[in-house]
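The values are calculated or read from the model by the stated rules, or taken from the named source; none is laboratory data. Bear in mind that the values here come from a model prediction, so they are computed numbers and not experimental data. Cβ: placed from backbone, ideal geometry, glycine included. Neighbour counts: every protein chain shown.
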């Protein structure tokens, strides 16, 4: 569907700007405005997370024609899910900076969950620049070739 194509392009471009914010910060004030509106405002952040997840799911189900019906626009969908996870981590990080409350973990299983979450989070933050450039490339190629299979 063309509506989800348009939404996915917009969300991919916004995601690339937000992930590459460190590299783009000094170049324009538009980046700071997008970050302030999308990530720093908790209501907008929740809407962005939910919208990104829904559009990612719909890109798998309803691709731009003539794509296959099941795994339609695979790379944009996977990238949207990755952005959704990044937004969750970024939101938790910003809330943690504001509150700075330490929570003790008593249960061993919760410690293991926390360890795996920390591994995923460290992957996102160490490869932030690569994820941003891949997101921009996926948005660019998805714009150029909207009907390409799996793209």
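Points worth noting:
- Criterion (assigned to a helix (DSSP H, G or I) and more than 19 Å from residue 139 (Cα to Cα)) met by exactly one of 91, 15, 56: 91
- Screening 31, 47 for residues that are assigned to a helix (DSSP H, G or I), modelled with pLDDT of 90 or more and farther than 22 Å from residue 120 by Cα leaves exactly one candidate, 47.
- Selected residue (only one of 72, 26 is over 19 Å from residue 136 (Cβ atoms), at pLDDT below 90 and not in a helix (DSSP H, G or I)): 72
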